[in-house]
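Below is one structure, written out as structure tokens; comments come after it.
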Amino acid sequence: MKLSTFKIGGVHPSGSKLSADQPIKVMPIPDTVYIPAAQHIGKPADIIVQKGDKVKVGQLIAKSSGFVSANIHSSVSGTVTAVGPVPDPSGIAKMGVTIKVEGDEWMEDIDRSETLDTNVDRFSDKEIIDRVTAAGIVGMGGATFPAHVKFTVPLEKKAEALLINGVECEPYLTADHRVMLEKSEQLMVGVKLIMKAVKTEKAFIGIEANKPDAIEKLTELSRKYAGIKVVPLALKYPQGSEKHLIKAIMNKEVPSGKLPIDVGAVVSNAGTAVAVYEAVMKSKPLIERVVTVTGNSVKNPSNFLARIGTPVRLLIEAAGGLPEDTGKVISGGPMMGKAATNTDFPVAKGTSGVLIMPEELAHRREPEPCIRCGKCVDACPMGLEPYLLSVYSRKKMWNECEEHYIYDCIECGCCVYSCPAARPLLDYMRLGKSTVMGIIRSRKK
Amino acid sequence: MSNLLTISPSPHFKDKPTTKSLMFGVLTALIPTFLVSLYSFGIGALVTTLVSVGSCVLFEWLITKYLLKQQPHIADGSAILTGVLLAFNLPSNISPFIVMFGALIAIGIAKMCFGGLGCNLFNPALVARVFLLISFPVQMTSWPKPIESRLNYLDAVTGATPMAAIKAGDLSICENANFIDMMIGKAGGSLGEVAAIALILGGIYMIARKIITWHIPVSIILTVFAFAGLLWLIDPSQYVNPLYHILGGGLLLGAIFMATDYVTSPMSATGKIIFGIGIGLLTIIIRLWGNYPEGMSFAILLMNAVVPLINKKFQPARFGAPKTK
Amino acid sequence: MEDNVIAISIAVLGGVAVLAAAILYVVAKKFKVDEDPRIDEVNELLPGANCGGCGFAGCRNFAEGCVKSLEGKFCNVGGADVMNKIAEILGGTVTAPDPKVAVVRCAGSTACRPKVNNFEGAKSCAVVAATYAGETGCAFGCIGLGDCVTACEFGGVSINPETGLAQINESLCTACGSCVKACPKGIIELRKKAAKFRKVYVSCVNKDKGAVAKKACSSACIGCGKCAKTCEFGAITVENNVAYIDYTKCKMCRKCVEACPTGAIKEENFPPRKLKEAAAPKELGQPTNADKVEVKPEPEKIVLEKKSDNPNAN
């Protein structure tokens, strides 16, 4: 059978999923956690605790500050020692809360039992969204878009299908893979809950063919849950992009500048679905997530269940320590992750993995002249012309950038990946994209 | 940790091919053709190729180092490739001085004047070939007979090429055309254009290794086949079998190796097909109604000139483009 | 026969020429755009650098603006001379704003601001700023990849290879503001151009707390406020852990320079101080004339010497 995938562009980055067979290990609670106030796209949450406050696990410490924002809860119990800058991978300290851990006392209303609760009918769609909002759930694939915003389908639109993103197309990362294998039942109930919230009868779980065990297990389970179908997909990056997942599964193209819901799709990450299950059925806010710590030089590539705010350094130590020849530490996957300046930054809601690259893989080649081979054009999944856009951006020709649809760029990195001359195409395009988006926004005002 | 962490914007992963590996990939694909040319033309093929490659590399090095005062980067293989392609476009009994002159034109004028690798508008090897063809018409059109003149270089026995035969109106050759000879390098012609089978082999290799895409060669060959075939069907007494057009002359060399030159071909798939169709049509038009027996180089150069327009007009298919009504 | 060919050729070509001339004539008459001739005159006078410092999209656009109304228009590049000539043509008055000069407010040279990571990517300050904090511990300082150098139309900005910082050649600076716009960190400021390019300014924009800033860069402003206390004219304010000298109030007494514990406040192009003070700022990379202090040279001469001495002057 030919597996479905999206049509235009895409690349096949090699890169082994080293930690695919490692069961999720629970990280011990650290001594101190650093919880940033901005762990989602949108406005940072307003911090509502003060220095000296005692907090419990699951207690709200920062309140959503608008529609596109999310609540943040304490992931540990202890004393707030500081409200101020916390470490960040970029090196620019961000606002957040530092909590010194004392014991492990949870909020009373959280159900910590392991029993599976499949009684979806207890809740109305409104209640589900309210609970998701309260729990501060964001897209856990890395984009960290507040989940309740996605699940609130505007009145004039209708969700035809819910797509669950189990693609994990980034090389090396295995967090979603392990979640799908080890929390399959919870995932299914979570999917059911989201289906109810967005009022649709159909759900597709898209999984790339390099995870046959997950495909098999979920297909088996999906027989018990009406409306849920597992769709195996061909290997291709960036299939985890919302637009490309919709194209691959529903064969619909989200028009430029439009949202998935405009073609009747709601897309959610597999990890997010499990978080939804926990939030709705167990009243447990988003206070921990699965993080892959991996890399060719890492001694024991692993998947950890870590509390939000745990310094990444501890995770790396648990995976065998930072190798001597480390040249780069990446928060996220190799294609879209961000290189970090330090290892003190905390696990946030969107930290899907930590990739450690040895010195010999950490460097970019010196850029050579563009030979106009067109490989970037072939690779671009949005059908753009990166060779042209990067020059326009570098020369600050914003009008031309706009004429060539720079705002469609999803920053997936396929162009740089495929460029034989090692040109920094995306570096400039990102600049051009944000400038052009700014110009477009200011024009609308 | 002993060293500073490296920070760069994403992606942090890179596909293997480099400019150098792509250039050497093309060179690898040219090996079978070179072997056949050695078999057919012997010592002449060897001397011409060596002189051409050597002088291309030398001129590139001299120009970058002393005229442009930059760090020469001849290691990327592009000058070598230009040298090989230039040699493959010449008759094997040509004087080495003419070859060197051609190399100077290719590198000095067609490539470096425009800004070096990646900036040239026209295919350097073809510019040189056309320049030589106009400057030295006699030397450029006296083709040694393959096999027979293997051990002779400058004093080789010359004979007609299939294309020249058509131009002369001698269709009898075609009637008893031996396609097998044309496949394996027993028909006359330039160094690199005599062995269709070796060229096709090289093309398949390049497509398999993703060095080139199929669009340009296939569209050229199909266009030539369709156009020449149509004429043949109309009047077989005046026009030859289309296969003859495809296998004869520089068509395959041009379609597979020259037209697909990265720098001077369009970017998008649609653009490449338009480019190929244009080359195919122009080639046949020049071959049949033009002054020269061979039209491939002119056709490619003419289409090179419109590549910027093609790039502008035929942008790649865009994801989620609004439907035009 | 031959004569015939020649005659036909002449007739055809001549005919084409006459026809083309006629078409051109008609088109030129019919589609003539009436434009105020003064726009061209004004445009002629302008420097033609199209720097955009006036807020218009290029010189011609500015000329059009001037013809409409001269009020509030001023071309920094051309200066008062050009503007007066324009005023003559258009019949109005121009008010020259205070002359200004670009100042780079970062003293974090490679010596005092150690590198803590290694950037590989497009050589552009904007790209670095969009990616992360920067190669040093200071997220506010000069990145040194020269976006301002490219932005300057007049060759007035360069990157000092020793300090790795942008520097302004004051004699070339026209205060057009291109570098100010180009700097993603907002380090470059247009400040009052005083006589002989003298200036006193806080050469730091680091908003981090004192200890953090000092750890990242030894010449950082730590926001201690000593300068503000010293200032007799109320020109210095400390906000967000960084001091700022209001050039409209500053009288250039230079007491703040002495008060600053980290040497973040810079004085430039002043005559040398008396011996005991002159030694102090030397270690901070401040140009001093310690060896020349005994002689009290004439002011003119000092300027010359200072120019050759001052890293910002060439």
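Just name the residue that is farthest from the other protein chains (Cβ to nearest Cβ) out of those in the range C:196-234 that are among the hydroxyl-bearing types (Ser, Thr, Tyr) and open to solvent by 40 Å² or more (accessible area, probe 1.4 Å). Walk me through how you get there before you give the answer.
Keep residues of the range C:196-234 that are among the hydroxyl-bearing types (Ser, Thr, Tyr), which gives C:201, C:203, C:218-219, C:230.
Going one step further and asking which of them are open to solvent by 40 Å² or more (accessible area, probe 1.4 Å), we end up with C:218, C:230.
On the way: C:Ser218: 19, C:Thr230: 30 Å.
Residue satisfying both the conditions and the ranking: C:Thr230.
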Is it the case, given these coordinates, that A:Lys2 is part of a loop (DSSP other than H, G, I, E, B), of a type outside the set (A, V, I, L, M) and not assigned by TED's automatic domain parsing to the domain that holds A:Gly103?
yes
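Given C:Ala139, C:Ala151, which one is farther than 29 Å from A:Ala93 by Cα, open to solvent by less than 40 Å² (accessible area, probe 1.4 Å) and at the interface with chain A (Cβ under 10 Å from one of its Cβ atoms)? Break it down into steps so the answer makes sense when it comes.
Working: C:Ala139 fails: farther than 29 Å from A:Ala93 by Cα.
Of C:Ala139, C:Ala151, the one residue that is farther than 29 Å from A:Ala93 by Cα, open to solvent by less than 40 Å² (accessible area, probe 1.4 Å) and at the interface with chain A (Cβ under 10 Å from one of its Cβ atoms) is C:Ala151.
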Considering only strands (runs of 3 or more DSSP E) wholly within the range A:311-362, the ones with at least 2 residues that are at the interface with chain B (Cβ under 7 Å from one of its Cβ atoms) and in contact with a strand residue (DSSP E or B) (Cβ under 7 Å, 6 or more places away or on another chain) are A:326-331, A:338-340
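Out of C:Val77, C:Val116, report the one residue that is away from chain A (no Cβ under 14 Å), closer than 30 Å to A:Ser393 by Cα and touching a residue at least 12 places away in the same chain (Cβ under 8 Å).
On the way: C:Val116 fails: away from chain A (no Cβ under 14 Å).
None of the other options fit; the residue is C:Val77.
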What pairs can you find where one residue is in the range B:279-302 and more than 14 Å from B:Ala259 (Cβ to Cβ), the other is of a type in the set (Ser, Thr, Tyr), and their Cβ atoms are less than 7 Å apart, with a gap of 6+ or different chains?
B:Ile286/B:Tyr292
Among the residues of the range A:1-28, the number that are closer than 28 Å to A:His148 by Cα and more than 21 Å from the chain's Cα centre (by Cα) is 0
What is the one condition in (1) open to solvent by 40 Å² or more (accessible area, probe 1.4 Å); (2) away from every other protein chain (no Cβ under 14 Å); (3) in a helix (DSSP H, G or I) that B:Val84 does not satisfy?
(1)
Any pair with Cβ under 7 angstrom, 6 or more apart, that starts in the range B:251-263 at a residue that is within 14 Å of chain A (Cβ to nearest Cβ) and more than 14 Å from B:Ser297 (Cβ to Cβ) and ends at one that is open to solvent by 10 Å² or more (accessible area, probe 1.4 Å) and of a type in the set (Lys, Arg)
B:Tyr262/A:Arg372; B:Val263/A:Arg372
What's the number of the only condition in (1) touching a residue at least 40 places away in the same chain (Cβ under 8 Å); (2) at positive phi that A:Ile47 fails to meet?
(2)
Only one of these conditions is not met by A:His404: (1) touching a residue at least 24 places away in the same chain (Cβ under 8 Å); (2) open to solvent by 10 Å² or more (accessible area, probe 1.4 Å); (3) at the interface with chain B (Cβ under 9 Å from one of its Cβ atoms). Which number is it?
(1)
Quick test for you: out of A:Glu216, A:Glu170, pick the one residue that is part of a loop (DSSP other than H, G, I, E, B), at pLDDT 90 or above and either of a type in the set (D, E, K, R) or buried (at least 20 other Cβ atoms within 10 Å of the Cβ) (or both).
A:Glu170
Given the condition touching a residue at least 24 places away in the same chain (Cβ under 8 Å), in a loop (DSSP other than H, G, I, E, B) and crowded, with 19+ Cβ neighbours inside 10 Å, answer yes or no: does some residue in the range A:119-138 qualify?
yes
What number of residues within the range A:340-360 satisfy the criterion of being within 17 Å of A:Gln39 (Cα to Cα) and not charged (D, E, K, R)?
10
Members of the range B:10-59 found to be touching a strand residue (DSSP E or B) at 6+ places or on another chain (Cβ under 8 Å) and within 12 Å of chain A (Cβ to nearest Cβ), listed by number
B:Ser10, B:His12, B:Asp15
List every residue pair whose Cβ atoms sit under 9 Å apart, with the two residues 6 or more apart in sequence or on different chains, where the first one lies in the range A:177-197 and is in the same structural domain as A:Glu160 (by TED's automatic domain parsing) and over 17 Å from A:Ala147 (Cβ atoms) and the second, anywhere, is polar (S, T, N, Q) and surrounded by fewer than 22 Cβ atoms within 10 Å (Cβ to Cβ).
A:His177/A:Asn210; A:Arg178/A:Gln22; A:Glu185/A:Thr118; A:Met188/A:Thr118; A:Met188/A:Ser222
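Does A:Ala38 count as surrounded by fewer than 22 Cβ atoms within 10 Å (Cβ to Cβ), more than 30 Å from A:Val153 (Cα to Cα) and out of contact with any Phe, Trp or Tyr (no Cβ under 7 Å at 6 or more places or on another chain)? Can you show your working first?
Working: surrounded by fewer than 22 Cβ atoms within 10 Å (Cβ to Cβ): yes; more than 30 Å from A:Val153 (Cα to Cα): no; out of contact with any Phe, Trp or Tyr (no Cβ under 7 Å at 6 or more places or on another chain): yes.
Spelling it out, it is not the case that A:Ala38 is surrounded by fewer than 22 Cβ atoms within 10 Å (Cβ to Cβ), more than 30 Å from A:Val153 (Cα to Cα) and out of contact with any Phe, Trp or Tyr (no Cβ under 7 Å at 6 or more places or on another chain).
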For C:Gly134, the lone unmet condition from (1) over 23 Å from C:Gly52 (Cβ atoms); (2) part of a helix (DSSP H, G or I) is (2)
Restricting attention to the range B:275-325, which residues are more than 14 Å from chain A (Cβ to nearest Cβ), under 23 Å from A:Gly374 (Cβ atoms) and open to solvent by 60 Å² or more (accessible area, probe 1.4 Å)?
B:Ile277, B:Leu281, B:Leu302, B:Leu309
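B:Asn3: farther than 21 Å from B:Ala110 by Cβ and either more than 14 Å from every other protein chain (Cβ to nearest Cβ) or in contact with a His (Cβ under 8 Å, 6 or more places away or on another chain) (or both), yes or no? Give the derivation first.
Working: farther than 21 Å from B:Ala110 by Cβ: yes; either more than 14 Å from every other protein chain (Cβ to nearest Cβ) or in contact with a His (Cβ under 8 Å, 6 or more places away or on another chain) (or both): no.
The answer is no for B:Asn3.
Does C:Val157 qualify as being within 14 Å of chain A (Cβ to nearest Cβ) and of a type outside the set (D, E, K, R)?
On the way: within 14 Å of chain A (Cβ to nearest Cβ): no; of a type outside the set (D, E, K, R): yes.
Spelling it out, it is not the case that C:Val157 is within 14 Å of chain A (Cβ to nearest Cβ) and of a type outside the set (D, E, K, R).
Looking at C:Gly108, C:Gly134, C:Gly121, C:Gly144, which is the one that is at pLDDT 85 or above, away from chain A (no Cβ under 14 Å), open to solvent by less than 60 Å² (accessible area, probe 1.4 Å) and under 29 Å from A:Glu368 (Cβ atoms)? Please lay out each step first, then the result.
Details: C:Gly108 fails: under 29 Å from A:Glu368 (Cβ atoms); C:Gly134 fails: away from chain A (no Cβ under 14 Å); C:Gly121 fails: away from chain A (no Cβ under 14 Å).
Just a single option satisfies the conditions, and that option is C:Gly144.
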Condition met for A:Met397 (within 7 Å of chain B (Cβ to nearest Cβ) and farther than 26 Å from B:Ser21 by Cβ)
no
Which ones in the range C:235-263 are within 14 Å of C:Ala220 (Cβ to Cβ), part of a loop (DSSP other than H, G, I, E, B) and open to solvent by less than 50 Å² (accessible area, probe 1.4 Å)?
C:Cys260, C:Thr262, C:Gly263
Scan the range A:370-387 and tell me whether some residue there is more than 10 Å from chain B (Cβ to nearest Cβ), buried (at least 24 other Cβ atoms within 10 Å of the Cβ) and either farther than 23 Å from B:Tyr262 by Cβ or more than 26 Å from the chain's Cα centre (by Cα) (or both).
no
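Looking for whichever is assigned to a strand (DSSP E or B) and not basic (Lys, Arg) here; the options are A:Ile35, A:Ile41, A:Ile8. Which one fits?
Working: A:Ile41 fails: assigned to a strand (DSSP E or B); A:Ile8 fails: assigned to a strand (DSSP E or B).
Only one candidate passes the filter, namely A:Ile35.
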Only one of (1) surrounded by 17 or more Cβ atoms within 10 Å (Cβ to Cβ); (2) at pLDDT 80 or above; (3) among the aliphatic types (A, V, I, L, M); (4) farther than 15 Å from B:Phe257 by Cβ is not met by B:Leu199, so which one is it?
(4)
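The values are calculated or read from the model by the stated rules, or taken from the named source; none is laboratory data. All of these numbers come straight from a predicted model, not from anything done at the bench. All Cβ positions, glycine included, derive from the backbone under ideal geometry; neighbour counts span all protein chains shown. Please note that ligands, DNA and RNA were not included when accessible areas were found on the heavy atoms of the full protein model with its side chains. Shrake-Rupley method; radii C 1.70, N 1.55, O 1.52, S 1.80 Å.
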